[in-house]
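Following: one structure in structure tokens, then a few remarks.
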Amino acid sequence: MNRRFRMAPLAAVAASAALVLTACGASTDASEGDGAGSGFVHEDARGKTVEIDGSPKTVVAQASAAAALWDNGYQVAGVYGDLPEPPNYLTGNLDVSKTKVLGKAWGEFNVEEYAAMNPDLLIDMTFDGKTLWYAGEVEKQVDKLAPTLAMPLTGLSVTEQIEAFHALAEDLGAEPEIEEAKAEFEDAVARIKAAVKKNPDLTVVAASTYGEEIYFANAPEHPDLAYLAELGVKFPKVSPDEQGIFEPVSLENISKYHADVLLVDARDPGGLEELKTKDIFKRLPAVAGGQQDLWYPAAPYSYQAYAEVFSGYADQLEAAQVLEQS
């Protein structure tokens, strides 16, 4: 199953992927923590208040959440999710050699090994505000072992997402040192604002690919794109499907929205390479004009990760020009 669709256009298909599960027979009691202070209290994206006596000691997290916490000074005890080899931007600075791996790909989660860790807390993401993203198929099982906490995938700008993970890391007992990374991020933001001011009519389109279909991103539902729009970057208003996150169209309709800059999902390099062989792609004004680059959705929500991502967007916007529509 292609990874990019786990963030919604084909979420229902992704949910049907068979999980690698093993039976668990450990106690269903979560660790009691050390009883210090008032304990851990955090409201998640499902509207659920997670309360744990003391500080959680054994925390397991989905890979992108783990990477965001890592950049905020908190190292999780276990991780699962997409962990490609070699690592890519999705896992940021996460060092898997320092944490227990419970699954390396979509559909992998070793419940037995998770239970043996005597976990205090599991952290995942959610795009629907109801179910866990990567651990959705084992949610009932892991709920019996320890509290689960869901961080939002959509509906917030990237700065709101970053601050949410910063606050979570602090709640977990970390003391994040973010000043330098935040300054670098703000520098990239300033460059983007200047590029937009200089060239306000520039239109950006972000899209994912899958076989003979293209998925145009609905910018308000993607944290990085939503924030770029706040900075003045112009995106077309697409017509998303019922999930509201992407508009799927056939490859022959790839030119439906004019793009001066075309950003293509970086999560599937093979899909992009295949797309580059298509004449219909090569004829797009942005591609023919050398104004096609990568889009980095779901990068770890930290200032460190997004300083690099937004610096790349700034490079592209500074160099781009408004192109004649085909």
Fill in the blank from the handout: Scanning segment 102-149 residue by residue, those farther than 22 Å from residue 173 by Cα and of a type in the set (Val, Ile, Thr) turn out to be 111, 126, 131, 138, 142
Practice task
Would you be able to say whether some residue in segment 309-317 is among the β-branched types (Val, Ile, Thr) and open to solvent by less than 60 Å² (accessible area, probe 1.4 Å)?
Solution key: yes
Exercise for the section: Could you tell me which numbered condition residue 170 fails, if it satisfies all but one of (1) more than 17 Å from residue 92 (Cβ to Cβ); (2) over 19 Å from the mean Cα position of the chain (by Cα); (3) in a loop (DSSP other than H, G, I, E, B)? Expected result: (3)
Practice task
Give me the pairs, please: first residue somewhere in segment 251-266 and closer than 18 Å to residue 294 by Cβ and open to solvent by less than 40 Å² (accessible area, probe 1.4 Å), second residue anywhere and among the β-branched types (Val, Ile, Thr) and part of a helix (DSSP H, G or I), beta-carbon distance under 7 Å, and either six or more positions apart or on two chains.
Solution key: 254/280; 262/287
Exercise for the section: Being in a loop (DSSP other than H, G, I, E, B), in contact (Cβ under 8 Å) with a residue 40 or more places away in the chain and not polar (S, T, N, Q) is the filter here, so list the residues in segment 270-326 that pass it. Expected result: 283, 284, 296, 297, 298, 299, 300, 301, 320, 322, 323
Exercise for the section: State yes or no: is residue 60 open to solvent by 10 Å² or more (accessible area, probe 1.4 Å), among the β-branched types (Val, Ile, Thr) and in a strand (DSSP E or B)? Expected result: no
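So which of 203, 131 ends up being in contact with a Pro (Cβ under 7 Å, 6 or more places away or on another chain), within 28 Å of residue 242 (Cβ to Cβ) and open to solvent by 10 Å² or more (accessible area, probe 1.4 Å)?
203
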Problem - So residue 67, is it open to solvent by less than 40 Å² (accessible area, probe 1.4 Å), over 20 Å from residue 224 (Cα atoms) and in a helix (DSSP H, G or I) - result: no
Problem - Residues (over 12 Å from residue 121 (Cβ atoms), touching a residue at least 12 places away in the same chain (Cβ under 8 Å) and open to solvent by 10 Å² or more (accessible area, probe 1.4 Å)) located in segment 142-166 - result: 144, 152, 154, 155, 156, 159, 160, 164, 166
Problem - Of all residues in segment 217-232 being open to solvent by 10 Å² or more (accessible area, probe 1.4 Å) and part of a loop (DSSP other than H, G, I, E, B), the one that is nearest to residue 310 (Cα to Cα) - result: 231
Handout entry: Residue list for segment 97-128, restricted to those being open to solvent by 20 Å² or more (accessible area, probe 1.4 Å) and closer than 30 Å to residue 220 by Cβ
Key = 105, 106, 127, 128
Exercise for the section: Only one of these is more than 19 Å from the chain's Cα centre (by Cα) and outside any loop (DSSP other than H, G, I, E, B): 238, 249, 264. Name it. Expected result: 249
Practice task
Report yes if some residue within segment 299-309 is aromatic (Phe, Trp, Tyr), in contact with a Leu (Cβ under 8 Å, 6 or more places away or on another chain) and within 15 Å of residue 186 (Cα to Cα); otherwise report no.
Solution key: no
Exercise for the section: Take residue 181 and decide whether it is of a type in the set (A, V, I, L, M), modelled with pLDDT of 95 or more and in a helix (DSSP H, G or I). Expected result: yes
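The values are calculated or read from the model by the stated rules, or taken from the named source; none is laboratory data. These numbers were taken from a predicted model, which means no experiment stands behind them. Cβ atoms come from the backbone with ideal geometry, glycine included; neighbour counts cover every protein chain shown. Heavy atoms of the whole protein, side chains included, go into the accessibility calculation; ligands, DNA and RNA do not. Shrake-Rupley method; radii C 1.70, N 1.55, O 1.52, S 1.80 Å.
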